[in-house]
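This report concerns only the one structure given below.
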């Protein structure tokens, strides 16, 4: 499961950036459009949470990365074709292309999957978009990626070539 910081940042971003159809959020009440119309189901999972730096004391003051995948399932009424679903799927992927949220949440590769019937009653057809994400947390001091690459005096760290 992704942390609350990641979930909240993505949810707030989508609420502000997506208005084409309603979004169903994890564990929140949602009523499908009636008559059947397009809608999105949002899911997110964490795949890794691990320490990425060493040397700080306490250990929790080191940099920790959290990675995962978010799924945006695009539902359209059965029998209406796939163009709208694919258009929405591409639009959702594009929203996160090159996006940075909360100065420490970046979005990586995206994939638009194959379409499939979406429910037991065959009312909807679905295309899913998966988007990989990475969030880093440097608990003490660093607030941006550039801070992680700077010495304590704020000057960039220089790396000398080896012998």
Computed over the Cα atoms, what is the radius of gyration of segment 70-122 divided by 2.2 N^0.38 Å, N being its residue count? 1.37
Quick check: residue separation of residue 45 and residue 103 times 0.36 nm, minus the Cα distance between them. What number comes out in nm? 18.9 nm
Order of 125-132, 24-31 by packing, highest average Cβ count within 10 Å first? 125-132, 24-31
Listed highest first by mean packing, meaning other Cβ atoms within 10 Å per residue, what order do 86-95, 8-17 come in? 86-95, 8-17
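Rule-based calculations on the coordinates, nothing more; no lab input. These numbers come from a predicted model, not from an experiment. Positions of Cβ are backbone-derived with ideal geometry, glycine not excepted, and every protein chain shown enters the neighbour counts.
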